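Structure first, then comments.
The values are calculated or read from the model by the stated rules, or taken from the named source; none is laboratory data. This one's a predicted model, so the numbers in the text were calculated from it and none came from an experiment. Reconstructed Cβ throughout: ideal geometry from the backbone, glycine too, with neighbour counts over all protein chains shown.
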Amino acid sequence: MASPRASIPDTRLGLAPDEVQLLRRHQQIALSQAGSSSSRAASNASSQGRLLLDPGSLQALSYHFDRLMQAIQHRMQQLNQQTQIATQVQYDRAGNAIQMADAEIARFREILRQIDELEVEFDKVRRIREIVRQYRARVEHLGRRLG
């Protein structure tokens with residue numbers, strides 16, 4: 001079980017409830033992917049409304065968010081390319097195929113909706129990642145002072 005020094009009440013992070021929930025979920029994922037024995041401690045801390053702050057957990061979470069940010073950026077690039085393709089297809093076919101144009105417009109709108117969703121998630125993850133980095137730096141600083 002996590003000691004009080006190794007965790008923090010999630011209410012002290014300045015995050016909205018859905019952001020805290022997202023952070024908890026990603027901490028669990030990060031620790032399980034890292035094969036960390038801290039995964040159980042994270043579960044226990046989470047059930048008590050706390051988040052782990054030990055260097056290992058923060059490092060795993062930081063790496064996880066880095067990978068997640070890369071995946072989101074990659075997906076956004078794909079969606080942007082698809083948007084460009086859809087726009088070009090729309091332009092080329094607009095005069096000859098109104099039904100096809102309507103389908104491409106719907107596809108374009110769906111892609112834009114997905115981009116909007118990804119941008120919102122990207123902003124949430126970026127905000128949480130920055131908070132995690134700040135706490136990680138604090139923990140590492142304290143570790144050096146105590147170590």
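Rundown of residues vs (1) more than 18 Å from A6 (Cα to Cα); (2) assigned to a helix (DSSP H, G or I); (3) among the aromatic types (F, W, Y), yes/no style:
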site: I111; (1), (2), (3): yes, yes, no
site: F122; (1), (2), (3): yes, yes, yes
site: R126; (1), (2), (3): yes, yes, no
site: R138; (1), (2), (3): no, yes, no
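Does the range 25-38 hold any residues that are out of contact with any strand residue (DSSP E or B) (no Cβ under 7 Å at 6 or more places or on another chain) and modelled with pLDDT of 75 or more, and which are they?
R25, H26, Q28, I29, A30, L31, S32, Q33
Given the criteria free of Cβ contacts under 8 Å to residues at least 40 places away in the same chain, surrounded by 14 or more Cβ atoms within 10 Å (Cβ to Cβ), under 14 Å from the mean Cα position of the chain (by Cα) and under 30 Å from R144 (Cβ atoms), does Q28 qualify?
yes
Looking at the range 47-62, can you tell me whether even one residue there is polar (S, T, N, Q) and over 23 Å from A16 (Cα atoms)? Talk me through it step by step, then tell me what you get.
Taking the range 47-62 first, the residues polar (S, T, N, Q) are 47-48, 57, 59, 62.
With the extra rule that they be over 23 Å from A16 (Cα atoms), the set shrinks to none.
Checked the range 47-62: no residue is polar (S, T, N, Q) and over 23 Å from A16 (Cα atoms).
Any residue in the range 86-107 that is under 24 Å from L13 (Cα atoms) and among the aromatic types (F, W, Y)? Write out each step before concluding.
If we filter the range 86-107 for residues that are under 24 Å from L13 (Cα atoms), which is where we start, we get none.
Among the residues of the range 86-107, not one is under 24 Å from L13 (Cα atoms) and among the aromatic types (F, W, Y), which makes the answer no.
Specify which of the listed residues (A34, A60) is over 12 Å from the mean Cα position of the chain (by Cα), closer than 16 Å to R136 by Cα and hydrophobic (A, V, I, L, M, F, W, C).
Working: A34 fails: closer than 16 Å to R136 by Cα.
After applying the criteria, what remains is A60.
Run down A60, A41 and say which single residue is of a type outside the set (D, E, K, R), assigned to a helix (DSSP H, G or I), in contact (Cβ under 8 Å) with a residue 12 or more places away in the chain and out of contact with any strand residue (DSSP E or B) (no Cβ under 8 Å at 6 or more places or on another chain).
Working: A41 fails: out of contact with any strand residue (DSSP E or B) (no Cβ under 8 Å at 6 or more places or on another chain).
One residue alone meets the criteria, A60.
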